[in-house]
Amino acid sequence: MPVHLDNEAELREAQAALFNVNSQSGWLLLNYVGPSTVHFTAGGEGGVEEISRHLEDDQIQYALVRLGDIQERGTLKATVRDVFLTWIGPGVGIIEKGKKTAFLGDVQAYLQPFHADVTVLNRDKLNRDTVLDRSSPLSGSHVID
C-alpha cells in the first residue's frame, strides 16, 4: 500500500513559493499522521537550522531543503542544491523503522526534484556544512550520525 499525502495542494503551493528559480534557501517538512499517511506540516525561507526545532524524537520525518550560494568545483557561478532529508528520531523503534522504510520512495516522489538524499540520525550535527558535505556526489556517507 503506497503512502498517502493528505494535503498535497498545500504542499504544492509552498513548494512553488519556496523552491522557485529565484530562491536561495527554503525548506518543507512532512510528518506521519497515520500508519501510511503523511502531512505537509511546516515550511520556511530559512536554512537547515530552522528544520531542527521541528524534528521529533519519536518520529520519522522527511524534509526538502534548499542550500544556496554553493561554489561547486569547476564552476564560476554559485549554484543551489536541493536535498531530501530523512529524519529518524532516537525514540523510533526498529519495527517502525522497517515499516516506514517501505514508504521512502513514495515520499521522495512527492518532494521531487532534488539533488541528493541524506539520512539524519543526530539532530546536533544537522547544519548547513554537514548537509553540504553529506549531499556532495563525492561524499562517502550520506548519513549524519
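The values are calculated or read from the model by the stated rules, or taken from the named source; none is laboratory data. Here the structure is a predicted model, which is why all the values come from computation and not from measurement. Note that we place each Cβ from the backbone using ideal geometry, even for glycine, and neighbour counts take in every protein chain shown. These area figures cover heavy atoms from the full protein model, side chains too; ligands, DNA and RNA do not enter into them. Shrake-Rupley method; radii C 1.70, N 1.55, O 1.52, S 1.80 Å.
Going through the stretch 124-145 one residue at a time, which ones are over 12 Å from the mean Cα position of the chain (by Cα) and surrounded by 13 or more Cβ atoms within 10 Å (Cβ to Cβ)?
The initial filter retains those residues of the stretch 124-145 that are over 12 Å from the mean Cα position of the chain (by Cα), namely 124-125, 127-130, 132-134, 136-145.
Across the stretch 124-145, the qualifying residues are 125, 127, 128, 130, 132, 133, 134, 136, 139, 142, 143, 144.
Applying the selection to the stretch 33-43, what residues are open to solvent by 40 Å² or more (accessible area, probe 1.4 Å) and part of a loop (DSSP other than H, G, I, E, B)?
If the condition is that a residue be open to solvent by 40 Å² or more (accessible area, probe 1.4 Å) and part of a loop (DSSP other than H, G, I, E, B), then 35 is the only one that fits.
Taking the criterion of being more than 17 Å from residue 117 (Cβ to Cβ), part of a strand (DSSP E or B) and touching a residue at least 12 places away in the same chain (Cβ under 8 Å), would at least one residue in the stretch 44-64 satisfy it?
Checking the stretch 44-64: at least one residue is more than 17 Å from residue 117 (Cβ to Cβ), part of a strand (DSSP E or B) and touching a residue at least 12 places away in the same chain (Cβ under 8 Å).
Looking at 86, 41, 37, which is the one that is of a type in the set (S, T, N, Q), at pLDDT 95 or above and over 14 Å from the mean Cα position of the chain (by Cα)? Explain how you work it out, then say what you get.
Numbers: 86 fails: over 14 Å from the mean Cα position of the chain (by Cα); 41 fails: over 14 Å from the mean Cα position of the chain (by Cα).
So the residue among 86, 41, 37 that is of a type in the set (S, T, N, Q), at pLDDT 95 or above and over 14 Å from the mean Cα position of the chain (by Cα) is 37.
If you take the residues of the stretch 21-32 that are without any contact (Cβ under 8 Å) to a residue 40 or more places away in the chain and surrounded by fewer than 18 Cβ atoms within 10 Å (Cβ to Cβ), which of them is nearest to residue 2 (Cα to Cα)? Spell out the reasoning first.
Step one: of the stretch 21-32, the residues without any contact (Cβ under 8 Å) to a residue 40 or more places away in the chain are 21-22, 27, 29, 31.
Remaining after also requiring surrounded by fewer than 18 Cβ atoms within 10 Å (Cβ to Cβ): 21-22.
Values: 21: 31, 22: 33 Å.
Once the filter is applied, the top-ranked residue is 21.
Restricting to the stretch 71-85, give me the number of residues that are open to solvent by 10 Å² or more (accessible area, probe 1.4 Å), assigned to a strand (DSSP E or B) and out of contact with any His (no Cβ under 6 Å at 6 or more places or on another chain).
2
For residue 121, which of the numbered conditions (1) of a type in the set (A, V, I, L, M, F, W, C); (2) closer than 28 Å to residue 6 by Cα; (3) open to solvent by less than 40 Å² (accessible area, probe 1.4 Å) fails to hold?
Only one criterion is unmet by residue 121, namely (3).
From the set of residues in the stretch 1-12 that are open to solvent by 20 Å² or more (accessible area, probe 1.4 Å) and in contact (Cβ under 8 Å) with a residue 12 or more places away in the chain, which is farthest from residue 115 (Cα to Cα)? Full working, then the answer.
In the first step, residues of the stretch 1-12 are kept if they are open to solvent by 20 Å² or more (accessible area, probe 1.4 Å); the result is 1-2, 4, 6, 8-10, 12.
Restricting the remaining residues to those that are in contact (Cβ under 8 Å) with a residue 12 or more places away in the chain gives 1-2, 4, 6, 8, 10.
On the way: 1: 27, 2: 23, 4: 23, 6: 25, 8: 21, 10: 23 Å.
Looking at the filtered set, the residue picked out is 1.
For the stretch 93-104, give me each residue that is out of contact with any strand residue (DSSP E or B) (no Cβ under 6 Å at 6 or more places or on another chain) and either surrounded by 16 or more Cβ atoms within 10 Å (Cβ to Cβ) or under 19 Å from residue 141 (Cα atoms) (or both).
Our first condition is that a residue be out of contact with any strand residue (DSSP E or B) (no Cβ under 6 Å at 6 or more places or on another chain); within the stretch 93-104, this holds for 93-99, 101-104.
Scanning the stretch 93-104 gives 96, 101, 103, 104.
Within the stretch 13-20, does at least one residue satisfy the condition of being assigned to a loop (DSSP other than H, G, I, E, B) and crowded, with 19+ Cβ neighbours inside 10 Å?
Residues of the stretch 13-20 that are assigned to a loop (DSSP other than H, G, I, E, B), as a first pass: 19-20.
Restricting the remaining residues to those that are crowded, with 19+ Cβ neighbours inside 10 Å gives 19.
Within the stretch 13-20, one or more residues are assigned to a loop (DSSP other than H, G, I, E, B) and crowded, with 19+ Cβ neighbours inside 10 Å.
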